[in-house]
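The values are calculated or read from the model by the stated rules, or taken from the named source; none is laboratory data. These figures come from a predicted structure and were not determined experimentally. A quick note on method: Cβ atoms are made from the backbone with ideal geometry, for glycine too, and the neighbour counts reach across all protein chains shown.
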C-alpha cells in the first residue's frame with residue numbers, strides 16, 4: 001500500500017511543479033530554512049503561514065492539509081451569485097453567496113466579499129457595502145493586485161465591473177494578458193478565471 005503524502009511532501013511537490021525556489025515561496029514572511037524544515041516534516045507551520053504558502057503556490061490550505069482537490073462548491077456559489085446579480089436578482093444573489101462566504105484563502109475570500117458588497121449596494125445597503133470595501137481595500141493593497149483593485153473601485157462607484165470597457169476584443173486580450181501574468185506568478189486560481197473568461201468571449205464572438 002503506497003504511503004500517504006505528508007503536508008511537507010505535498011508542499012515540496014507543488015513548489016517544485018511550479019518551478020519555485022524556497023526563497024520565492026517564503027518571501028519575507030518566514031525563512032527558507034523554516035520552509036525546508038516544514039517540507040522535511042520537522043516543523044509545523046501555523047495557520048497564518050499555511051495561508052501564505054498556499055497563496056504563493058496558487059492552491060488552498062485545505063488541499064495542503066488533506067491532499068484533496070480544492071472544492072468547487074465555493075467557486076460555483078460565487079459564480080452563481082454573480083450571474084444572478086447581473087440579471088438583476090440581488091436578493092437571490094445574496095442567498096447564493098452563503099456557500100462562498102466561508103472562504104478563508106486568498107483570493108477567493110476577497111472575490112466573495114467584493115461580490116457581497118456589490119449585492120448589498122444593489123439592495124440599497126450601502127453602509128454595509130462600504131465597510132466591506134474599506135476592509136478589502138487593505139487586503140488588496142497588501143497583495144498589490146491591480147485587477148481586483150479595479151473591481152473594488154467599480155463596486156465603490158456602484159458600477160458593473162467590465163474588463164475591456166465593453167469591447168469584446170479588448171476584453172479577450174486583457175483576460176489573456178492577465179492569465180499569462182497570473183501563470184508567471186504561480187497564481188493558478190487567477191489564471192484559470194481569466195482563461196475561462198477569454199474562452200467564453202472567444203466562443204461568443206465565433207457565433
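General remarks:
One line per residue, one yes/no per condition, for (1) closer than 27 Å to residue 88 by Cβ; (2) surrounded by fewer than 19 Cβ atoms within 10 Å (Cβ to Cβ); (3) touching a residue at least 12 places away in the same chain (Cβ under 8 Å):
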site	(1), (2), (3)
131	yes, yes, no
155	yes, no, yes
162	yes, yes, no
186	no, no, yes
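- Residues of the stretch 17-38 satisfying the condition of being within 21 Å of the chain's Cα centre (by Cα), surrounded by fewer than 20 Cβ atoms within 10 Å (Cβ to Cβ) and in a helix (DSSP H, G or I): 17, 24
- Unique residue being modelled with pLDDT under 95 and within 24 Å of residue 26 (Cα to Cα) when the list is 88, 67: 67
- Scope the stretch 166-188; condition in contact with a helix residue (DSSP H, G or I) (Cβ under 8 Å, 6 or more places away or on another chain) and more than 18 Å from residue 19 (Cβ to Cβ); matching residues: 168, 169, 171, 172, 175, 176, 178
- Enumerated helices (runs of 4 or more DSSP H) restricted to the stretch 54-141, each holding at least 2 residues that are within 15 Å of the chain's Cα centre (by Cα) and on the phi < 0 side of the Ramachandran plot: 61-66, 73-86, 108-122
- Of the residues screened, residue 41 is not one that is without any contact (Cβ under 8 Å) to a residue 60 or more places away in the chain, over 20 Å from the mean Cα position of the chain (by Cα) and either in a helix (DSSP H, G or I) or under 27 Å from residue 110 (Cα atoms) (or both).
- Checked against the criterion of being modelled with pLDDT of 90 or more and within 23 Å of residue 24 (Cβ to Cβ), the candidates 142, 112 yield just one match: 142.
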